[in-house]
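Step one of this worksheet: look at the structure below.
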Amino acid sequence: MLGPGKAWLLCNGEEVLHWQLDRRQITGPENWAGQPLVEGFRARTETMSLDEAEAASVLRRAIMVSSGRTLDPDLFTRASERGQSGVCYTFLKENRDAALRMFGSTLNYETTGETMLSRLSERP
């Protein structure tokens with residue numbers, strides 16, 4: 001994640017949750033200030049109601065996934081070249097040197113998601 005920013009979660013057009021962020025830490029609103037997006041996040045959501053925990057988990061996931069759009073993955077041959085921590089299987093220390101980039105495999109659904117599953121039957 002980059003520097004300071006804001007994130008909102010909407011459900012049916014209504015704001016459910018919003019955060020101010022700086023890198024991997026929530027800085028506001030006050031009841032969330034100081035909460036990292038990684039360390040201790042799950043422990044915190046386990047103390048919430050199911051709806052609150054779901055909203056927080058969805059917003060967190062959206063922030064983490066969207067931060068991947070800040071880099072062009074085709075600039076890297078191996079996962080180890082990105083300097084990414086072990087947040088998923090590919091980037092675990094024992095896997096990152098063997099994880100090779102499949103160049104040109106990135107798909108962009110920025111303008112529409114209609115074709116997102118259109119190639120499902122092509123799965124190997």
Counting only residues that are at negative phi and not in a strand (DSSP E or B), which one in segment 2-31 is modelled with the lowest pLDDT? LEU2
Checking THR77 against (1) loosely packed, with under 13 Cβ neighbours inside 10 Å; (2) within 14 Å of the chain's Cα centre (by Cα); (3) in contact (Cβ under 8 Å) with a residue 12 or more places away in the chain, which single condition isn't satisfied? (2)
Could you check, for segment 99-107, whether at least one of its residues is outside any loop (DSSP other than H, G, I, E, B) and either surrounded by fewer than 13 Cβ atoms within 10 Å (Cβ to Cβ) or without any contact (Cβ under 8 Å) to a residue 24 or more places away in the chain (or both)? yes
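The values are calculated or read from the model by the stated rules, or taken from the named source; none is laboratory data. These figures come from a predicted structure and were not determined experimentally. All Cβ positions, glycine included, derive from the backbone under ideal geometry; neighbour counts span all protein chains shown.
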